[in-house]
Amino acid sequence: MAYADQQMSGNKITALIIVAILHVVVGYALVSGLAYSAFKKVKEVTSAVKIEEDKPPEEPPPPPPKQDTPPPPIVAPPPPISFNAPAPQVQAVTTPPPVVAPAPVVLPPAPAAPPPPPPPRFQPKGASPKGSPANWATSNDYPSRALREEREGVTGFRVSIGTDGKVVDCQITKSSGSPDLDDATCANVRRRARFTPATDGEGNPTTGSYASSIRWVIPKD
């Protein structure tokens, strides 16, 4: 049995060697055929190329001989031209435009003036003080603090007067510089001032106003 196995192994090795030799022969035949075909094509291309030799360049023809050219004739310069001739004077004739007389303007008649108002039956009068305004503020009304500090001044005022002749309102129009002197001015005028009321054009009493001033002077002993 062992002998039979060894004989079969030897047969396999022989078969493998034969197959390898066949592959080598076939490969060599293929390579040789391809190389021969390539060599044949290269030979055909080489035989088809024709190499031409370079010819030497042709020499250019000699230039024609020079001809003698006669000199140009001498021409005298033209005489100078003077440009100082005076320009012709052009006189412009101005034609005045025709005078058109303006059309007369007709003004409409002026409207009649309104009739003057009737004269008042009475002459309007303003309010007038009763008695002397000097009695409205005396030295006894001097504010004590202003007296101690010896402050003096002039206070201007304006009062509104009702139809009954009494003071309705008092406003300071010029300050003396001391608020207590200004306050004393309006306080005394409100308390003591009395007026004859103002009247209108019909003689009826109406409201009015009165303006004056009080000078505050420290009394001398």
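The values are calculated or read from the model by the stated rules, or taken from the named source; none is laboratory data. Since this is a predicted model, take the numbers as computed values, not measurements. Heads up, the Cβs are rebuilt from the backbone with ideal geometry, glycines too, and the neighbour counts pull from every protein chain shown.
Restricting attention to the range 117-132 and to residues that are modelled with pLDDT of 85 or more and outside any strand (DSSP E or B), the residue that is surrounded by the fewest Cβ atoms within 10 Å (Cβ to Cβ) turns out to be 132.
Confirm whether residue 152 is touching a residue at least 60 places away in the same chain (Cβ under 8 Å) and surrounded by fewer than 11 Cβ atoms within 10 Å (Cβ to Cβ). So residue 152 fails the test.
Scanning the range 166-205 for residues that are under 55 Å from the mean Cα position of the chain (by Cα) and crowded, with 18+ Cβ neighbours inside 10 Å turns up 176, 178.
Residue 163 meets each of the listed conditions (1) closer than 13 Å to residue 218 by Cα; (2) part of a loop (DSSP other than H, G, I, E, B) apart from (1).
What's the total number of residues in the range 206-215 that are surrounded by fewer than 18 Cβ atoms within 10 Å (Cβ to Cβ) and not polar (S, T, N, Q)? Within the range 206-215, residues that are surrounded by fewer than 18 Cβ atoms within 10 Å (Cβ to Cβ) and not polar (S, T, N, Q) number 2.
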